[in-house]
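The values are calculated or read from the model by the stated rules, or taken from the named source; none is laboratory data. All figures in this text were calculated on a predicted structure; none of them were measured in a lab. Cβ coordinates were reconstructed from backbone atoms using ideal geometry, including for glycine residues, and neighbour counts include every protein chain displayed. Each accessible area value is taken on the protein alone, full model and side chains, heavy atoms only, with ligands, DNA and RNA left out. Shrake-Rupley method; radii C 1.70, N 1.55, O 1.52, S 1.80 Å.
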Amino acid sequence: MPIKPLFGVKTQEKADIAVIGIPYDSSQSFFSGAKFGPTAIRLAANTLEEYSFIFRKDVRDLSISDWGDIEVSVGDFMKTKKRVFDVLRGINAEKYLFLGGDHSVTIITVDFLKDKIKRYVHVDAHADFEDEYLGNKFSHDSTLRRVGEMIGFEKITLLGFRSASIKELKALEDFEVETYSIFDILDDEEILPNVLKKADYLSIDIDVFEPSYAPEVGNPEPFGFTPIQFIKHIREISPRYVDIVEVTTTKMESITAILAATIAREILIAMNKS
Ligand SMILES: [Mn+2]
């Protein structure tokens, strides 16, 4: 089965929203294979409707173009960053949906967009706030830390996490980062819509969902969001930049990729409003 552009949208032409795969995974994870994420998500989208039941809209009717995957340099973060920058400069879209790749790709995309981001929301089971991981500053365990350094710690929010080292928790406090754990969210129903609403960059690590809904991730972590708990607020959000990362599978039929693709479809429509 040939893999079509995501939901059969236009390809390689100027549009308001650019969809781009960044199949990079070099940093260490329990399970590897996040580089297959973009392929798995496009393949999953082949099996889904292009029509959103929630918005009553067809994604193909919107100004969206899928530019395919950027050729990355697996294992070489700096070379990959250069390639991503070159491609993004060429595309020069108003809005972007990036498909990862592991979470370190967000360090690159945020670097590219840093002057435009007003509020970055990191939706993740993990804090990703280590200063480095085994000497690697550009690891998926350090993504939020690097993002904070680039755009300012006052502009970032960590949402839905339930796993962090004591060092990370201390650093999050020291840098005065706005954080809401999954348990905070359970206690206060206002948090989720309020935080999602203000994001202009939304970074979604698919591991934020309960592993029974999204089992194929680098580091599964129980006690996550249910998909319905998240999608319930889709009408309230209008980000300009989104990434969906850490879909980690080599299977042709992946329930994690189906969830990621479905979320991508709804988010593309939500992005179209902004
Ligand atoms: Mn992450």
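Assorted remarks:
- 3J(HN,Hα) from dihedral phi, the stretch 99-111, Karplus parametrisation 6.51/-1.76/1.60, rounded to Hz, x for glycine, proline: 10, x, x, 7, 5, 5, 5, 5, 4, 6, 5, 5, 4
- Largest mean-square fluctuation among Tyr241, Tyr24, Tyr213, in a Gaussian network model of the chain whose springs join Cα atoms under 10 Å apart, belongs to Tyr213.
- Note on the stretch 1-124: the C-alpha convex hull projects to 8.6 nm² when averaged across all orientations.
- Build a GNM of the chain with springs between Cα atoms under 10 Å apart, and of Glu236, Glu190, Glu50 the one that fluctuates most is Glu190.
- Neighbourhood net charge (15 Å Cβ-Cβ; Lys/Arg +1, Asp/Glu -1) for Ser32: -4
- Taking amide H as placed 1.01 Å from N in the peptide plane, Lys57 has its amide H under 5 Å from the amide H of Ser52, each at least 5 places away in sequence or on another chain.
- Per-atom-type breakdown for the stretch 125-165 gives carbon and sulfur 48% of the accessible area (1.4 Å probe, protein chains only).
- Efficiency of FRET between Asp61 and Lys116 - r from beta-carbon atoms, R0 25 angstrom, step 0.05: 0.45
- Volume per residue for the stretch 71-226 equals 118 cubic angstrom (convex hull of Cα atoms).
- Subtracting the Cα-Cα distance of Lys79 and Glu253 from 0.36 nm times their residue separation leaves 59.5 nm of extension gain.
- Couplings 3J(HN,Hα) of the stretch 114-126, computed from phi: 3, 6, 9, 7, 9, 9, 9, 10, 9, 9, 7, 6, 10 Hz, in residue order, whole Hz [Karplus 6.51 cos²θ - 1.76 cosθ + 1.60, θ = phi - 60°; x for Gly and Pro].
- Average accessible surface for the stretch 175-244: 43 Å² per residue, computed with a 1.4 Å probe over protein heavy atoms with every protein chain in place.
- Residue-wise HN-Hα coupling along the stretch 41-46, computed from phi with Karplus coefficients 6.51, -1.76, 1.60 (Hz; x: Gly, Pro): 5, 5, 5, 4, 5, 4
- Gain on full extension, evaluated as 0.36 nm per residue between Ser165 and Ile3 minus their Cα-Cα distance, stands at 54.3 nm.
- The chain - Rg and Dmax from Cα coordinates, angstrom: 16.8, 51
- For the chain, a Gaussian network of Cα nodes joined below 10 Å ranks Leu48, Leu134, Leu192 by mean-square fluctuation, and the top entry is Leu134.
- Residues whose amide H falls under 5 Å from that of Ala125, counting only those 5 or more places apart or on a different chain, are Asp207, Val208, with hydrogens built in the peptide plane.
- About its Cα centre, the dipole of the stretch 116-202 is roughly 440 debye, where the only charges are +1 on Lys and Arg Cβ and -1 on Asp and Glu Cβ.
- Gained length - Ile234 relative to Glu176, 0.36 nm times residue gap less alpha-carbon distance: 18.1 nm
- Around the amide H of Val245, modelled in the peptide plane, lie the amide H atoms of Gly100, Ile204, Asp205, Ile206, all under 5 Å away and 5 or more residues distant in sequence or on another chain.
- Between Ile54 and Lys14, the simple spin-label model (points 7 angstrom out along Cα→Cβ) gives 3.1 nm.
- Heavy atoms of His140 accessible to a 1.4 Å probe, total area in Å² rounded to 10: 10
- Once you reduce the stretch 40-111 and the stretch 130-165 to the center of their Cα atoms, the two points are 21 Å from each other.
- Calculated P(r) tail over 23 Å for the stretch 177-274, as whole % of Cα pairs: 24
- For Lys197, the shell of other residues with beta-carbons less than 11 Å away shows a net charge of 0, using +1 for Lys and Arg and -1 for Asp and Glu.
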